[in-house]
1. Using Cα springs under 10 Å in a Gaussian network model of the chain, which residue among 260, 349, 120 shows the largest mean-square fluctuation?
2. Can you compute the FRET efficiency between residue 258 and residue 351 using 1/(1 + (r/R0)^6), with r the Cβ-Cβ distance and R0 = 22 Å? Round to the nearest 0.05.
3. Return the single residue from 231, 281, 251 with maximal mean-square fluctuation; model: Gaussian network over the chain, springs between Cα atoms under 10 Å.
4. Please give the Cα centre distance for the stretch 295-359 versus the stretch 28-74, rounded to the nearest Å.
5. Express the carbon and sulfur contribution to the solvent-accessible surface of the chain as a percent, rounded to the nearest whole number, probe 1.4 angstrom.
6. Taking the Cα atoms of the chain, report the difference between the largest and smallest coordinate on each principal axis, in whole Å and largest first.
7. With a probe of 1.4 Å, find how much accessible area the stretch 169-282 has per residue, and write the answer as a whole number in Å².
8. In nm², what is the average projected area of the convex hull enclosing the Cα atoms of the stretch 258-359?
Amino acid sequence: MAELSLQHIDKIYDNNVQAVFDFNLHVNDGELIVLVGPSGCGKSTTLRMVAGLEDISRGKLLLDGKDITAAPAKDRDMAMVFQNYALYGHMTIYENMAFSLTLRNENPNVIHKKVLAAAEILGLTTQLNKKPAQLSGGQRQRVAMGRSIVRNPKVFLFDEPLSNLDAKLRGATRREILLLHKRLQATMLYVTHDQTEALTLADRIVCMSMGHVQQVGTPLELYDTPNNIFVASFIGLPPMNFFDVVFEDGVLKGKGFEAELTDEQKDILSNYVHKQIVLGVRPEDIAEGGSTPMLVTANENLGMNTLVHGYIGDRDGNRVSAKLRGWANHKSGDKITISFNKMHFFDKETTNAIRKEAQ
Ligand code: ADP
């Protein structure tokens, strides 16, 4: 059992840089939480405060109800897997995995059993006598995970564990981490700047920007109902398109196009008549055919889909990218028409999502 509670946590570094502002999160037992956001947004700082590698400037950290805000790292019963693996080059894989237990003077028979069990889970059984340099990047990352598993910690912490791997290996290792999570049913906190990792791994995602939590929710919640323009643009690839529009005469008027609204959408926007709104449309929610003109500048065939880039109307219009189904053969300069299957609305001033007000 391992529940973590982060309460009103701030981090101010010695140089007076505030890296994290009022971070609040309750992590349930067995949950895999992914902290995601661009470089410098405070993800690693948050993870390192949980690990005990950085002091918590303000706020509280509880593990299973016990206040561990000031507890030293070694007493926190957590294991961290780093981006650079941090393996000992002169030791064998076996010795690397056994190291923390050897330090604790565990019984050699117990150590042996634990290392073999972890090696089995991670498919490293035949690699135990090798040195790290003889292993591939993916295998080394598995050794780093194995070193955590043998300790049987309450909480696993991952700091960008896949960023040193090439794209193919990243996908495979990501699936291994997911299997590991299912198998161990352990509480995990995982930091990445990669929205794909967040969407594919997380039970819940915490999306951060400039030290502030922007949204906490399931991958589908962040994809489908982003809280603000930041989350909408960060989650989803290619990113959401944004257009400045005004709500007038029952339609959305943008530069060179108008979008029809359903009664429900008009209702949602009822407080925004004549006001500036940002319309968000995901590339995959754009279909060919309809009333909106598009000037094509590039056509990228991806197999199942075609990414078509260009402008609404003409080159003076907003840029737009559409992910059309199937194989399209548009040329630069072609004029096509498109329609928006799903629209997101944001307040231009606050950048917050405009939603139906709670009744
Ligand atoms: P992320 O993991 O999201 O890339 P970090 O948590 O590493 O972001 O950094 C958040 C902010 O804190 C950045 O502005 C970074 O420059 C700053 N920062 C990180 N570590 C230190 C440090 N040891 N001293 C001062 N500032 C730091």
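1. Looking only at 260, 349, 120, the largest GNM fluctuation is found for 349.
2. Details: r = 23 Å, r/R0 = 1.06.
So the FRET efficiency works out to roughly 0.40.
3. Among 231, 281, 251, the largest mean-square fluctuation in the Gaussian network model of the chain belongs to 251.
4. Taking the Cα centre of the stretch 28-74 as reference, the centre of the stretch 295-359 is 39 Å away.
5. Working: 8560 of 17470 Å².
The C+S portion of the solvent-accessible surface of the chain is 49 percent.
6. 77, 46, 38
7. On the way: 5060 Å² over 114 residues.
I get 44 Å² per residue for the stretch 169-282.
8. Values: hull surface 30.0 nm².
Mean projected area of the Cα convex hull: 7.5 nm².
The values are calculated or read from the model by the stated rules, or taken from the named source; none is laboratory data. Just so it is clear, the structure is predicted and the values come from calculations on it, not from any experiment. Using ideal geometry, Cβ is built from the backbone for each residue, glycine included, and neighbour counts are taken over all protein chains shown. Just the protein is used for accessible areas: all its heavy atoms, side chains included, with ligands, DNA and RNA removed. Shrake-Rupley method; radii C 1.70, N 1.55, O 1.52, S 1.80 Å.
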